[in-house]
Amino acid sequence: MTATEPAPTTSRALDEIKIGGMGASRKRVEDNRFLRGRGHYVDDVVLPGMLHMEILRSPVAHARIVSIDASRAWDIPGVRLVLTGEMMATRNLAWMPTLSYDTQAVLATDKVRFQGQEVACVIADDPYIAKDACEAIEVEYEQLPVIVNPTQATAPDAPIIRDDKEGQADNVIFDWEVGDRAGTDRAFAEADHVSTIRMHYPRSHPSPLECCGSVADFDRATGKLTVYMTTQAPHIVRAAVALIAELPEHLIRIVSPDLGGGFGNKVPVYPGYVMSILASILLERPVKWIEDRSGNLISTGFGRDVYLEGEMALRRDGKILAVRMHTDSDHGAFFGDAQPSKFKIGLLHSTFSCYDIPTAHLTARGVYTNKAPGGVAYRCSFRVTEAMFFQERMMQAAADELGIDQAEFRRMNFVRDDDFPHRTPFGFLTDSGQYAKCLQVGLDAIDYEGFRREQAEAAKQGRLLGIGISCMTEPLGAGNSREYDILGIKMFDSAELRVHMTGKAILRTGAKSQGQGHETTWAQIVAHELGIPAEDIVVEEGDTDTAPFGMGTYASRSTPVAGAAVAMVSRKIRAKARKLAAHLLEVSEEDVEWELGRFYVRSAPDRGVTIQECAMAAYSNMPDGLEPGLEANAYYDPPNLTWPFGCYIVTVEVDPMTGVWDVLRVVAVDDCGVRINPMIVEGQIMGGLTEAYAMSSMQFITFDADGNCIGSNFMDYLLPTAWETPGYELHEVVTPCPHHPIGAKGIGECATVGGPAAFVNAVMDAVKQYGVRNVDMPLLPDRVYEAITQRHDVSGAPPIRTDA
Amino acid sequence: MYPSRFRYEAPRTIDEAIQLLHEGGAEAKVLAGGQSLVPLMKLRFAAPELLVDINNLPGLDHLDVAADGGIRVGALCRHRDLERSLDVAQAQPVMAAAAPLIADPVVRTRGTLVGSLCHADPQGDWAAVVTALGGHVVAQGPGGRRDIAITDFVTGPFQNVLAYDEVAVEAVLPPPRARVAGGFLKLERRVGDFATAGTAVALEIDGDRVVRAGIALTGVGSRTVDARAAADSLVGQGLTGEAIMRAADLAAEAAQPTSDHRGSAAYKRHVIHTFVTRILTRVSQTSEAAA
Ligand SMILES: Cc1cc2nc3c(=O)[nH]c(=O)nc-3n(C[C@H](O)[C@H](O)[C@H](O)COP(=O)(O)OP(=O)(O)OC[C@H]3O[C@@H](n4cnc5c(N)ncnc54)[C@H](O)[C@@H]3O)c2cc1C
C-alpha cells in the first residue's frame, strides 16, 4: 500500500433498519393519532350550516309501493327536505348504474326489492328531527312473494324481481363459463374415481367498525361539489359522480378522510351518498349522512352467498386429472359486484392455481333475489375467497375418499418449484412459489405425526380431535390493465413524490388506506429507495384534488400496484438526484455511485453528497439546463398479478354432546415475497385469521322465508372478541415476486381467503367417522351436532328453519 | 341511531323517584344500568317519554351476604360486583358461575342484576339463577314495600308485575338450610352473546341427600322456565346416575324451545339435558371427592 492510494473505506451506506426502511418493524405512524382519539373520520367533519340526513328503509323484502305520503314529515319543524323516488326520478336520479353494468334504485319508485332498501330520506336541522320525520312518512305496501335463494329464483313460477328491466324475463343475471369443457369431459370419462361435493358459502358482511357516511357540500358560488365520504376508491367515485350527477369532473372533489375499516364495504357507490349530494345541490347547504349499524348490515355490500357443485376426476394413485365446478351465486336485487368487467363471477376461476391440473371447466350462473345487493367483498374481492375455500374443501373430500393422507395428497399435486412460470387450468400465469416447503414448515410446526397419534389416543376415550389443512395461492394486485378494469377504467395505480429543499418529502398515491398502514409502509419503500429516513416522509391519500389518479385500495392491490409505483417514483427522483450529485461533486454522472442515502465518486468514495444535499441543490444550486425542483410521479401498470401462497393448519376438539368445538392450535405459513414491514404483515395475517375463524364458526347473514334479514345488528351478526379468538403461530417463507420492483406480493387478504377451509376441514376431520362430508359455514354447534347424530351433511342455505 | 325525544330526571331520593314515576304513568321508565333499555331506545323499540334515572339514589348499591348465607342484592349492584365478590363465590356457587357469563366486561360494569330481573328477557341469565335459588324481589311504591316471589315477578317476555310507580329495590336469596352446591352452564356462540340455552342448578345437600333443589332454564321458552318437576325429583335422593338422568329428562321436557337461527328446538332441548347432567354429575363427583 502506498501513501497515494485512498484509504480503504468501509461503506457509508445508512443502516436501512435504523432509518425505517425495508424490513423494519416500524411502529405505525397513523396509530399515534388513532390511539389518542385524534383520527379524523367523516363524522368528524362539521361544516357551517350543515344539515342532517336520515333514510327511511323498507321493512319488507318484496312489495309494490302503492303510495307514499310524506305530508306529516314536511310538517315537522326543522325538516328542510323530504326526498322520495318520484322526486329523484324528475332529476333522472331514481336509478343509478352499478359497478357491474346493471342498475340499482337510489330511492324506490315502483317496488321495494329487499328489506332495508331506501324508500325516502329526510334532511333536517338535526338527525333526531330527521329520524322523527322518517317515522312520520306513511308508505303503503302491497306484498309480493319473496325469493331468498337461487332455487326459488329459478323455479318456473318465480316472480320476476327485476320487472323494471326491459327484456328481463326471469331472475337470471348471467350464465357464464370458462375453461375447457370437452377436455374436462374426456378426463372425467377416464377417471378411476370422481369425487363430488355440494356446499354453500354463506353471505357474510365486511362490517367495518365505521359505517358508511358522507358530507356533501355544493357551493353555488364556485360551482364546486366537495364530498367527504367513506370510500376506498375516491377517484372511481369522482368518475361515477361525474357520470351519474352529470357534473363536470374538475368541479368535483372527493375526500376520503380516515376510514374506520373497509374490507370492501366502502368500494360501491351507495344511494345514501347520491341522496346527500342531490340534497346539498338542492338546498345549497352541506348535508351530512351517517349510516347506522343496522343500515350498514342490512343494505350495503355483502360478501359471498355462492353455492357450489364441485367434481374432481381422480386417478387411483391420487393424481388429479380434472376439476369441474358449477356455481349459483345470489346477488340480491341488483347486480352490484365490483369486479373486472369481463369476468362475471370474478376470479373464481383462479381456483386450483397451486395444483398441477391438466384441465378444468367452470360454469357459473348468477341470480337476483330479494336481498341486499353487493357481492363485492369481505376482505377479498373478485370471489377469490370462494375459489380457495371450495378448492380446499374439495381437496379434503377427495383425499378422504381415496384414502390418501390429506397432506400427502396436496403435496403430490402441487405445482413444483421448478415448474414456473405455470399456466393454471383456467389460464392464469403463476410465476413463483415454494408450495411444498411452506406445507412442510406448517406440518413440522404443528407436529402433524404427533397430532395424528394424539388424535387416535383421544378417540379411544370418545374424544373427537381433528386437523385441517388449507393451502392456496391467490391472484392479488389487479391489473394488469389488459385484463382488469372497473367500469372500463384500467387497473393501474400511481404515486407522486415531492422532495422538499431540506430533504423531507411528501408522498401521495392513488390508493387509500383503511387500516392497512400505508402511511407507515409507503414511507419505508421511499426510505429503501432514497435513504431518506421514513420519519421524514409524510404520506397522504384520499383527496382527489391532490392525489394522483388511482384505483384505490381493495383486492390486496395496494402494495403490488401502488407500492410498486412508490418504488418507481422514488427511482425517478434518484435519477434526477444523481444529476444533481454529479454537479455538486463536479464529476460526470457516469462516475457517480449510489449507496443508501448517498452518492459518491467511484474513484474517491470519501467524496460524496447525501440525498438531502441533492435536494437542497435542486432548489438552490442546480446545474444549467436542469429543471429546478425534485418532484416526480409514476403510473404503474403491473405486468401480472402477484401470487402469494398461504398454508394454514388448524387443530380442534369437538364436544360430541353439544357440537361445540374449540380451536386447539392455528399455524400459518405465509409466503408474500419480500416483507416491507414485518409487523404490519403479521398484523394483517392475524386479522385475516380472526375473520376466517369468525366466518367458519359464527358469522353469517341469513334470511327467513319472508325475506327478513337475520344479522342486522351485532347481537345476531357476530364479531369475535379477544376472548374466544384463538392464538396464532406465524411462520414465513420468502419467494420474491419476480416482476414487482421490490419483490413484494399481496398479503392483506391471504388469511381470510385461505383460513376458513382450515377451520372447517379440521372439524370435518374430527367428525369423519360419522360419514359426514360437509357442514355449511358457520359451523354453529347445532349444525355440527346434527351432522354427528343424524350422520348427514348439513346445509345452511336460507331460509332459516323455524317452527312456524 | 337516534332515540325519540324523552325527558330525563335524576332524583336524589327514592320517594322522589316514585313520585316522578307516578306522575309519568305508563310512559315513564326506570333507568338502572341502561344496558337493556338504552339499546331498545336507540332502535326505537322503546320510546318512553320520561326516564327516571335511579343511579343517584342512596342505599341501593349493596351486596350483602349474611352469616347464614342469605344474600341481598341492591338495585344498583352491578354484574361486576357479583362477579368479583368472594363472599358470593363462597355462599352461592350458582351465582358465582353465572356472573362472569353475563354479557361482556363493558356491559357488566354498568348492568344490574335487579335490572335484568325487571327486564324479563326470556334469554336473560339472572332470572334463571334467582328462580333456581327460590329468591324474591322487593318492590317499593307509593304504598310502601312488598315482596314478590321471582316466579310471580316475571309474567311473560319482557313483562313483570311491577306497577308503573314501583321501583324494585333489591333481590333477596333465602339462606340455605344445608350445604350448597350447583352450577350454571350456558351455550353461547361467542362471549357476550345471549344464551342459546342455559341452565341454572341450585342444590342444598345434607349428608348425601338433596334436601332442596331448584332448576331453571333460560333461552328455551317465552320466559324463564322453572323446571320444578325436575328439581323435585332430586329432593330426598342421593345424586345417583339414575337420579341425575331422571332430573335431566324432566328438565328437557320442561323446556319449551323454538327453532331459529341458533338451532332447532330438539337441539336446544338436548343441550338442556346435557347441561343438567353435567352440572349434577360434577356436583356428585365433588361431593364424593369431599366425602
Ligand atoms: C351487549 C350486551 C350483551 C348482553 N348479554 C347478556 C347476557 O349474556 N345475559 C344476560 O342476562 N343479559 C345480558 N345483557 C343484558 C344486561 O345484563 C343488562 O344489564 C340487564 O338485562 C338489564 O340491567 P340494567 O341495569 O342494564 O337495566 P336497564 O337497561 O336500565 O333497564 C332494563 C329494564 O328494567 C327496568 N328496570 C331496571 N331496573 C329497575 C328497577 N330497579 N326497578 C324497576 N324497573 C327497573 C327498566 O325500566 C327497563 O325496562 C346484555 C346486554 C348487552 C348490551
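The values are calculated or read from the model by the stated rules, or taken from the named source; none is laboratory data. Note that this is a predicted model, so its numbers are computed, not measured. Positions of Cβ are backbone-derived with ideal geometry, glycine not excepted, and every protein chain shown enters the neighbour counts. Accessible surface areas use protein heavy atoms only, side chains included; no ligands, DNA or RNA. Shrake-Rupley method; radii C 1.70, N 1.55, O 1.52, S 1.80 Å.
Annotations for the structure displayed:
- Cβ-Cβ contacts under 6 Å between residues 6 or more apart (or on different chains), taken from a first residue in region B:96-113 that is part of a helix (DSSP H, G or I) to a second residue that is near the ligand (Cβ under 6 Å from one of its atoms) and open to solvent by 60 Å² or more (accessible area, probe 1.4 Å), are listed as B:107/B:35.
- Of the criteria (1) among the hydroxyl-bearing types (Ser, Thr, Tyr); (2) assigned to a helix (DSSP H, G or I); (3) over 21 Å from the mean Cα position of the chain (by Cα), which one residue A:546 fails: (2)
- Condition check for residue A:198: in a strand (DSSP E or B) and in contact with a Lys or Arg (Cβ under 8 Å, 6 or more places away or on another chain): no
Results for (1) surrounded by fewer than 17 Cβ atoms within 10 Å (Cβ to Cβ); (2) at pLDDT below 95; (3) within 14 Å of the ligand (Cβ to nearest atom), shown as yes or no for each residue.
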| residue | (1), (2), (3) |
| --- | --- |
| B:20 | no, no, yes |
| B:59 | yes, no, yes |
| B:68 | yes, no, no |
| B:74 | no, no, yes |
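- Inter-residue pairs, beta-carbon under 7 Å, first in the same structural domain as residue A:379 (by TED's automatic domain parsing) and in region A:510-537, second surrounded by fewer than 24 Cβ atoms within 10 Å (Cβ to Cβ) and basic (Lys, Arg), 6+ apart: none
- Scanning region A:716-738 for residues that are within 14 Å of chain B (Cβ to nearest Cβ) and of a type in the set (Asp, Glu) yields A:716, A:724.
- Criterion (within 14 Å of chain A (Cβ to nearest Cβ) and farther than 19 Å from residue B:98 by Cβ) met by exactly one of B:262, B:246, B:278: B:262
- Flag if residue A:445 is open to solvent by 10 Å² or more (accessible area, probe 1.4 Å), at pLDDT 95 or above, among the aliphatic types (A, V, I, L, M) and within 26 Å of residue A:435 (Cα to Cα): yes
- Of the residues making up region A:276-305, those that are more than 27 Å from residue A:339 (Cα to Cα) and either among the small types (Gly, Ala, Ser) or free of Cβ contacts under 8 Å to residues at least 40 places away in the same chain (or both) are A:279, A:280.
Let's see how each residue does on (1) hydrophobic (A, V, I, L, M, F, W, C); (2) in contact with a strand residue (DSSP E or B) (Cβ under 9 Å, 6 or more places away or on another chain); (3) part of a strand (DSSP E or B); (4) open to solvent by 60 Å² or more (accessible area, probe 1.4 Å):
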{"position": "A:433", "(1), (2), (3), (4)": "no, yes, no, no"}
{"position": "A:437", "(1), (2), (3), (4)": "no, yes, no, yes"}
{"position": "A:459", "(1), (2), (3), (4)": "yes, yes, no, no"}
{"position": "A:465", "(1), (2), (3), (4)": "yes, yes, yes, no"}
{"position": "A:469", "(1), (2), (3), (4)": "yes, yes, yes, no"}
{"position": "A:494", "(1), (2), (3), (4)": "no, yes, yes, no"}
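- Candidate set from region A:774-804 (those that are polar (S, T, N, Q) and under 23 Å from residue A:370 (Cβ atoms)); member that is nearest to the chain's Cα centre (by Cα): A:795
- The number of residues in region B:163-178 being of a type in the set (A, V, I, L, M), within 16 Å of the ligand (Cβ to nearest atom) and over 16 Å from the mean Cα position of the chain (by Cα) comes to 2.
- Any hit, region B:123-135, residues being modelled with pLDDT of 95 or more, in contact with a Pro (Cβ under 9 Å, 6 or more places away or on another chain) and near the ligand (Cβ under 9 Å from one of its atoms): no
- Residues of region A:258-289 classified as outside any loop (DSSP other than H, G, I, E, B) and within 23 Å of residue A:555 (Cβ to Cβ), total: 1
- Residue A:671 vs. criteria over 13 Å from residue A:728 (Cβ atoms), at pLDDT 95 or above, surrounded by fewer than 19 Cβ atoms within 10 Å (Cβ to Cβ) and assigned by TED's automatic domain parsing to the domain that holds residue A:779: no
- Residue-level analysis places residue A:157 outside the set of residues that are free of Cβ contacts under 8 Å to residues at least 60 places away in the same chain, crowded, with 20+ Cβ neighbours inside 10 Å and not small (Gly, Ala, Ser).
- Condition check for residue B:229: farther than 28 Å from residue A:780 by Cα and more than 14 Å from chain A (Cβ to nearest Cβ): yes
This table checks each residue for (1) β-branched (Val, Ile, Thr); (2) more than 14 Å from every other protein chain (Cβ to nearest Cβ); (3) part of a loop (DSSP other than H, G, I, E, B).
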{"position": "A:740", "(1), (2), (3)": "no, yes, yes"}
{"position": "A:746", "(1), (2), (3)": "no, yes, yes"}
{"position": "A:753", "(1), (2), (3)": "yes, yes, no"}
{"position": "A:763", "(1), (2), (3)": "yes, yes, no"}
{"position": "A:772", "(1), (2), (3)": "yes, yes, yes"}
{"position": "A:777", "(1), (2), (3)": "no, no, yes"}
{"position": "A:785", "(1), (2), (3)": "no, no, no"}
{"position": "A:796", "(1), (2), (3)": "no, no, yes"}
{"position": "A:801", "(1), (2), (3)": "no, no, yes"}
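- Restricting attention to region B:76-105, the residues that are over 17 Å from residue B:62 (Cα atoms) and either more than 8 Å from the ligand (Cβ to nearest atom) or of a type in the set (Ser, Thr, Tyr) (or both) add up to 7.
- With respect to the stated conditions, residue A:182 is surrounded by fewer than 14 Cβ atoms within 10 Å (Cβ to Cβ), part of a helix (DSSP H, G or I) and among the small types (Gly, Ala, Ser).
- On the stretch given as region A:239-257, residues that are in contact with a Lys or Arg (Cβ under 8 Å, 6 or more places away or on another chain) and either of a type outside the set (Gly, Ala, Ser) or in a helix (DSSP H, G or I) (or both) total 5.
- Of all the numbered requirements in (1) more than 8 Å from the ligand (Cβ to nearest atom); (2) out of contact with any His (no Cβ under 7 Å at 6 or more places or on another chain), residue B:46 misses one, and that requirement is (1).
- Of residues in region B:6-19 being touching a residue at least 12 places away in the same chain (Cβ under 8 Å) and of a type in the set (D, E, K, R), the one farthest from the other protein chains (Cβ to nearest Cβ): B:12
- Restricting attention to region B:154-198, the residues that are assigned to a strand (DSSP E or B), within 12 Å of chain A (Cβ to nearest Cβ) and under 15 Å from residue B:224 (Cα atoms) add up to 3.
- Residue check for residue A:62: in contact with a strand residue (DSSP E or B) (Cβ under 6 Å, 6 or more places away or on another chain) and surrounded by 14 or more Cβ atoms within 10 Å (Cβ to Cβ): no
- Lone qualifier among B:62, B:22 - being more than 14 Å from chain A (Cβ to nearest Cβ) and over 23 Å from the mean Cα position of the chain (by Cα): B:22
- Region A:245-299, residues that are within 14 Å of chain B (Cβ to nearest Cβ) and either touching a His at 6+ places or on another chain (Cβ under 6 Å) or more than 27 Å from residue A:87 (Cβ to Cβ) (or both): A:288, A:293, A:297
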